[in-house]
Amino acid sequence: MEREFGMLAIVSDIHGNLEAFSTVLEEIDRRGVENILCLGDVVGYGPNPMECLDLVRERCRASLMGNHDFAVFYEPFNFNSGAETACYWTRSQFENDPDPVRRADRWKHLGNLPVRVRTNEFVAVHASPRRPINEYIFPDDIYTNPSKFVSIFERFDRLCFVGHTHVPGVFLEGPDFYSPDELDYKFELTDEKAIINVGSVGQPRDRDPRTSFVVVSESAIEFIRLPYDVDTTVRKVEQIDELDNFLGTRLLDGR
Ligand SMILES: [Fe+2]
């Protein structure tokens with residue numbers, strides 16, 4: 001089988017956090033990784049949705065439709081009030097762009113995001129292979145809803161990359177879950193099926209505030225965590241009335 005992507009970085013859930021995303025891009029460049037795939041939720045929650053969207057378009061081979069991208073273009077589905085207010089503020093950033101050509105171009109991009117990418121080696125979606133935009137696959141589901149995994153694992157051949165929960169790690173068919181820490185930040189590929197959650201660039205929720213992404217090589221998946229200038233992001237959130245201050249402070253402890 002031919003590798004269609006070569007050495008590949010996979011990022012997800014940037015959520016308008018420019019400081020975190022810039023740090024990730026610098027590390028990707030430092031490692032000489034040429035291809036980047038984004039699993040969606042480029043916007044929503046954070047203070048720099050337009051800058052992140054433009055950077056994703058410039059740097060990523062493809063970007064998928066996440067539930068927040070969907071919410072800004074269509075309508076928020078199952079959002080709490082803080083997330084909904086942030087969604088409408090993000091939408092206003094698109095609408096208030098004074099340059100009509102750029103405004104139309106960004107809208108067109110957002111409305112045309114694919115829901116999945118399939119290669120010879122993997123399938124990638126924002127959320128889950130059976131409900132690609134909205135279904136959460138949580139580590140706790142192993143205990144509370146193990147049958148869910150039977151149906152989810154039937155939907156792909158070998159590897160499936162997801163984001164959405166903002167909790168990085170690997171699900172095996174057991175079902176089992178391993179956090180990056182338990183894997184020593186490296187998952188060696190075997191013939192076993194696996195769902196890999198790449199974590200979130202812009203709003204990690206595993207109690208580790210460092211930005212998260214993965215680099216995929218021929219034989220392994222490396223989980224990468226990096227500190228970034230989170231104080232600047234928190235300050236920007238505080239300066240925008242429509243963004244709840246919690247959307248900033250939660251970044252400080254990764255929740
Ligand atoms: Fe997200």
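Expressed as a fraction of 2.2 N^0.38 Å, the C-alpha radius of gyration for segment 46-139 is 1.15.
Kirkwood-type hydrodynamic radius, segment 75-129: 13.7 Å, calculated from all non-identical alpha-carbon pairs. Across segment 162-255, C-alpha contacts under 8 Å between residues 6 or more apart give a mean separation that, scaled by the residue count, equals a relative contact order of 26 percent. Sorted largest first, the principal axis extents computed over the alpha-carbon atoms of segment 75-194 equal 52, 35, 29 Å. Considering only DSSP beta bridges whose two residues both sit in the chain, what percent are antiparallel, to the nearest 5? Among the beta bridges of the chain, antiparallel pairing accounts for roughly 65 percent.
Once the C-beta distance of Met7 and Asp253 is scaled by a Förster radius of 45 Å, the resulting FRET efficiency is 0.90 to the nearest 0.05. Put simply, the convex hull of the Cα atoms in segment 126-255 casts, on average, a shadow of 8.5 nm².
Accessible surface area normalised per residue over the chain is 45 Å², counting heavy atoms of protein chains with a 1.4 Å rolling probe. Surface composition of segment 121-255: carbon plus sulfur atoms contribute 44% of the solvent-accessible area (1.4 Å probe, protein chains only, all chains present).
Derived from the Cα gyration tensor, the three semi-axes of the equivalent ellipsoid of the chain are 28, 19, 19 Å, largest first.
Computed on the Cα trace of segment 109-166, the radius of gyration divided by the Kirkwood hydrodynamic radius gives Rg/Rh = 0.99. Taking R0 as 35 Å, what FRET efficiency do you get between Ile240 and Arg30 from their Cβ-Cβ distance, rounded to the nearest 0.05? The pair Ile240/Arg30 has a calculated efficiency of 0.65. For segment 154-231, trypsin sites (Lys or Arg not before Pro) meeting the loop criterion (DSSP other than H, G, I, E, B) and having at most 16 other Cβ atoms within 10 Å: Arg155, Arg158, Lys193, Arg207, Arg210. Extension gain, Thr190 to Ser92, is 30.7 nm, computed as 0.36 nm per intervening residue step minus the present C-alpha separation.
Short-range pairs are left out: with C-alpha atoms under 8 Å and at least six residues apart, the relative contact order of the chain is 22 percent.
For the chain, the longest principal axis of the Cα atoms and the long axis of helix 18-30 meet at an angle of about 50 degrees. Relative to the Cα centre, the charge distribution of the chain, modelled as +1 at Lys and Arg Cβ and -1 at Asp and Glu Cβ, gives a dipole magnitude of about 500 debye. For trypsin sites (Lys or Arg not before Pro), the sites in segment 33-83 that DSSP calls loop and that have at most 15 other Cβ atoms within 10 Å are Arg61. Geometric descriptor of segment 9-87, per residue, is 76 Å³ (volume of the convex hull of the Cα atoms). Annotation: extensible slack from Val115 through Arg210 equals 31.5 nm (criterion: 0.36 nm per residue apart, minus Cα-Cα distance).
The values are calculated or read from the model by the stated rules, or taken from the named source; none is laboratory data. For clarity, every value in this text was computed on a predicted model and none was experimentally measured. Neighbour counts run over all protein chains shown; Cβ positions are idealised from the backbone, glycine included. Surface accessibility is based on the protein's heavy atoms, side chains included, excluding ligands, DNA and RNA. Shrake-Rupley method; radii C 1.70, N 1.55, O 1.52, S 1.80 Å.
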